[in-house]
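Step one of this worksheet: look at the structure below.
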Amino acid sequence: MQNANKTRGTGPLAQAGVVANWGGPSLIKSVQRLSVGTVDVTITAVDTASTVIVWGGVNGTYSGGASGNEVNKRVTLLNSTTVRPTNTVTSGTVTAIVVVIEFVPGVIKSVQYGATTITAPSQTGTSSITAVNINKAMLLFLGTQSDCGSGAALAYGFANLAINSSGDTVTATQGAGAAPGNTYTGFCMVEFF
């Protein structure tokens, strides 16, 4: 027999815990789906302290022998109404598909946007961030940009991300060997309550 007087936990929203709210109000305030080309995209205003960008990949058309700098793009939340693309396309077009998700206040403890530089000819680069609890955080990839130059191998424009065990350093790594140019990997570090 269940205890009918069982106390439910209180979450950061000063309400009953998440399980108690199933079917109740959503923890998500808004969702905006975007295709980001070569210019800033204006979005409906969001609270930047409660908003994350989720990467959906890139698509596009390329002419000639596409290189790493031509097939990639990175994005960031510039301010409450602007998503900014960064890429060095020299031929063809590249479009990033992203989703901007704004949570209700009290879900996200901190959001940090940045880009980690892999300086040629290194295969790794690091960025310092304000320390997060890695057990309550996630690192979101926001694309890459490269200045490797036309004709460079496509792999030079790609990298992956990791957070260290102290939660204060983001590392980007590319596996193509020594690149002829720099690679910049965008990220969004989200820490939840």
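No lab work stands behind these numbers, since they all come straight from the coordinates. Note that the coordinates shown come from a computational prediction; the quantities given were computed from them, not determined experimentally. FYI the Cβ positions are ideal-geometry reconstructions off the backbone, even for glycines, and counts take in every protein chain you see.
Could you calculate the FRET efficiency of THR93 with ALA120 from 1/(1 + (r/R0)^6), where r is the beta carbon distance between them and R0 is 22 Å, rounded to 0.05?
The calculated FRET efficiency here is 0.30.
What length, rounded to one decimal in nm, is gained on full extension from ASP40 through to VAL54, with 0.36 nm per residue of separation minus their alpha-carbon distance?
In short, 3.4 nm is gained.
Between LYS109 and SER80, with labels modelled 7 Å along Cα→Cβ, what's the label distance in nm to one decimal, could you check?
Going by the 7 Å Cα→Cβ label model, 2.5 nm.
By a straight-distance test (C-alpha under 17 Å), which aspartates and glutamates pair with LYS136 as possible cross-link partners, with residues fewer than eight away in the same chain excluded?
Leaving aside aspartates and glutamates fewer than 8 places away in the same chain, those within reach of LYS136 are ASP168, GLU191.
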